[in-house]
Amino acid sequence: MLKRFFISFLATIAGIWISVTLILICISIIVASIISASSSSSDVKDNSILYINLKGDITERLQNQSLMDFVKDYDSKGQSLDQILTSVRLAAKDKKIKGIYIDAGGSAMGMASRQELVEALSDFKESGKWIYAYADNFAQGDYLVASVADKVFLNPVGNVDIRGIGIQTPFFAGLLDKLGIKVQVVKVGTYKSAVEPYIFNTMSEPARHQNQVFVDSIWNYYSTTVADNRNVSPADVSAWADSLTFAWTAEHDIDAGIVTETRYRREVEDMLRSMTDADSNDDLKLVTPAKYIEASSNKLASASKEHIAVLYAVGDIVDSGEGGIVGSTIVPQIIDLADDDNVRALVLRVNSGGGSAFASEQIWEALEYFKSTGKPFYVSMGDYAASGGYYISCGADRIFADATTLTGSIGVFGLIPDLSGLVTGKLGVTFSTVASSPNATFMSITEPMTPAQKASMQRYVEDTYDIFTSRVADGRHMSVDSVKAIAEGRVWVGSSAIGLGLVDQLGSLDSAIKAIADEVSLDADSWVAYPNVAGTFLERLLEETAEMKTSTGMVLDKDILRYLIMAKQISEMNPVQARMPEIIIR
């Protein structure tokens, strides 16, 4: 019996082993086939066209999608600005790429991001290659990018929607009053308006003033750029906005110089086929930025050789967790880059409105360690580099920003909710406390702060502000008093920040890379992006679910979701924040 048992047992084990081996072999064959098919299909053929589809959210850089991103309905593994910019740069020197086709389908991206894309496309045109743009309907932001094109085509029954730049800020004080919720605020900075939506019903005059200043600055950039690209005057562009061009006929748009011609999409594609010697629909060789970069990977720098590290710091600054600029993750990454002999210099690409003051300090210190190795450290600012985003930038050897970048907002605040009016006053829930000292339950959201506790919080915030301003003063070689004179939480556009000493030079990420490459005597293409972004099975699952969600139309209103998520973040965030208000420019 025992012998039969062992024979049966060993046979079972052998069967399992053989089955596992066969499964692994099958998986290997499938993966190899997929890789082979993907590599063969990613080859760029002669007479190809770089196809830039301006549609959906175009983020600074693709990141691993979190569950919160899924709830926000972000497009998993969609397009990113860094992919588009890199592909445009490579395509300018690639004989297989004949031109660029911009398909403007309604994209969401910041104004500074659009500015960088406009500059990249303008540089591309210097190669002598063409750029054509088409849209069924041009949204204002997409039209800015499309205006660079040699020809701008509009659907015969389409429109161009130019209406000017505006900001709308939601205020929750009335809602919170009805619910019996108070938000206890401690802050430093007259212009630190991130707290206003929770305590006011409308903008304060300082906030309104600063918002008007940078709205006017951004519109000035927009109208001037479009005017230069379309050979009209900035006054003409302002007149378009005042006239609500969405109601104009396509023929009116042609007469005004807004578009070149009216054509249906099919006609534009027929024209592209004739320009690239293609005979049928299948012969039109459109290559997306992602596919083009995949096929051109051999042209990109390697981390195994001497290079410039371009480290992306995008999103809210948080102490730990997933998504955004995570202090516990980015700090060791900076240390590793500092200790890596192949890394000759660092460009920190910042696109952040700030967040945790504690995490900002830790990142600042790690960057100081990087500087202590003697390697150059530059910052390139994207749409935002404000509050905590400026905190982590201020120590750089040189700071580059776009004219429309929102920066500064040097200030600190704390938000501590008091739910006693709701929980006790309206719901009737009471609490009994046993404690060893009067402050044992401090920061409980079920009772208000005492005057002494609020005074302590105010001192803590002021101390943090003093540290923040001293970091800026040291990094920018200014006196603390000079910093405080332009601080107070005020937001500045990049073009104004130069005169204040907060920024060294107007320029894109590409400008910063070229400048630092020259300093360390490396080729401008010798840079590697960090951190590494790798897809996971869960991400693909989320992507499929997102596609199903979109196809079934089961999507909650994004604005509602954003406000719900904002409320959740307030309850979880570090109580002391170096953060600018959320500004939605329309």
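One table, with the values for the structure above:
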{"quantity": "One residue from Asp510, Asp474, Asp481, Asp504 being out of contact with any helix residue (DSSP H, G or I) (no Cβ under 6 Å at 6 or more places or on another chain) and within 17 Å of Glu116 (Cα to Cα)", "calculated": "Asp510"}
{"quantity": "Subset of segment 194-207 [among the aliphatic types (A, V, I, L, M) and either open to solvent by 20 Å² or more (accessible area, probe 1.4 Å) or not in a helix (DSSP H, G or I) (or both)]", "calculated": "Ile199, Met203"}
{"quantity": "Close pairs (9 angstrom Cβ cut-off, 6 or more residues apart or separate chains): within 14 Å of Leu179 (Cβ to Cβ) in segment 415-433, among the aromatic types (Phe, Trp, Tyr) and crowded, with 18+ Cβ neighbours inside 10 Å anywhere", "calculated": "Pro417/Tyr198"}
{"quantity": "Looking only at segment 378-403, and only at residues there that are open to solvent by 10 Å² or more (accessible area, probe 1.4 Å) and in contact (Cβ under 8 Å) with a residue 60 or more places away in the chain, the one that is nearest to Asp518 (Cα to Cα)", "calculated": "Arg398"}
{"quantity": "Subset of segment 284-300 [part of a helix (DSSP H, G or I) and of a type in the set (A, V, I, L, M, F, W, C)]", "calculated": "Ala290, Ile293, Ala295"}
{"quantity": "Per-region count, segment 228-240, residues more than 12 Å from Ala256 (Cβ to Cβ) and surrounded by 18 or more Cβ atoms within 10 Å (Cβ to Cβ)", "calculated": "1"}
{"quantity": "Strands (runs of 3 or more DSSP E) completely within segment 301-377 that count 3 or more residues being of a type in the set (Gly, Ala, Ser) and either open to solvent by 10 Å² or more (accessible area, probe 1.4 Å) or in contact (Cβ under 8 Å) with a residue 24 or more places away in the chain (or both)", "calculated": "354-356"}
{"quantity": "Subset of segment 246-280 [among the aliphatic types (A, V, I, L, M), open to solvent by less than 60 Å² (accessible area, probe 1.4 Å) and either closer than 14 Å to Tyr134 by Cβ or in a loop (DSSP other than H, G, I, E, B) (or both)]", "calculated": "Ala250, Ile258, Val259, Val268, Met271, Leu272, Ala278"}
{"quantity": "Among residues of segment 351-383, those that are over 26 Å from Ala112 (Cα atoms) and either in contact with a His (Cβ under 6 Å, 6 or more places away or on another chain) or aliphatic (A, V, I, L, M) (or both), counted", "calculated": "1"}
{"quantity": "Pair list, Cβ < 6 Å and 6+ apart or interchain, from segment 235-252 residues that are within 19 Å of Leu154 (Cα to Cα) to residues that are part of a loop (DSSP other than H, G, I, E, B) and not small (Gly, Ala, Ser)", "calculated": "Trp240/Ile162; Ala241/Ile162; Ala241/Arg163; Thr245/Ile162; Phe246/Asn159; Phe246/Asp161; Ala250/Pro156"}
{"quantity": "Selection within segment 406-441 - crowded, with 16+ Cβ neighbours inside 10 Å and in a loop (DSSP other than H, G, I, E, B)", "calculated": "Ser409, Ile410, Gly411, Leu419"}
{"quantity": "Those residues of segment 518-527 which are open to solvent by 20 Å² or more (accessible area, probe 1.4 Å), of a type outside the set (Asp, Glu) and touching a residue at least 40 places away in the same chain (Cβ under 8 Å), in sequence order", "calculated": "Leu522, Ser526, Trp527"}
{"quantity": "Criterion violated by Tyr191 - all others in (1) crowded, with 17+ Cβ neighbours inside 10 Å; (2) in a helix (DSSP H, G or I); (3) not small (Gly, Ala, Ser) satisfied", "calculated": "(2)"}
{"quantity": "Residue in segment 139-149 that is among the charged types (D, E, K, R) and either within 28 Å of Asp236 (Cβ to Cβ) or touching a His at 6+ places or on another chain (Cβ under 6 Å) (or both) present", "calculated": "yes"}
{"quantity": "Qualifying residue in segment 209-226 (condition: of a type in the set (Gly, Ala, Ser) and open to solvent by 20 Å² or more (accessible area, probe 1.4 Å))", "calculated": "yes"}
{"quantity": "Residues of segment 466-495 that turn out to be farther than 21 Å from Thr404 by Cα and among the small types (Gly, Ala, Ser), as a count", "calculated": "6"}
{"quantity": "Total residues in segment 49-75, condition under 26 Å from Lys299 (Cα atoms) and either at pLDDT below 75 or surrounded by fewer than 22 Cβ atoms within 10 Å (Cβ to Cβ) (or both)", "calculated": "6"}
{"quantity": "Every pair of residues 6+ apart whose Cβ atoms lie under 8 Å, when the first sits in segment 496-517 and is assigned to a helix (DSSP H, G or I) while the second is open to solvent by 50 Å² or more (accessible area, probe 1.4 Å) and of a type in the set (A, V, I, L, M)", "calculated": "Ser496/Val213; Ile498/Leu506"}
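Table: residues versus (1) open to solvent by less than 30 Å² (accessible area, probe 1.4 Å); (2) of a type in the set (Val, Ile, Thr); (3) under 22 Å from Leu286 (Cβ atoms).
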{"residue": "Tyr101", "(1), (2), (3)": "yes, no, yes"}
{"residue": "Gly110", "(1), (2), (3)": "yes, no, no"}
{"residue": "Glu119", "(1), (2), (3)": "no, no, no"}
{"residue": "Gly141", "(1), (2), (3)": "yes, no, no"}
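The values are calculated or read from the model by the stated rules, or taken from the named source; none is laboratory data. Predicted model only: the values in this text are computed from it and were never measured. A quick note on method: Cβ atoms are made from the backbone with ideal geometry, for glycine too, and the neighbour counts reach across all protein chains shown. Just the protein is used for accessible areas: all its heavy atoms, side chains included, with ligands, DNA and RNA removed. Shrake-Rupley method; radii C 1.70, N 1.55, O 1.52, S 1.80 Å.
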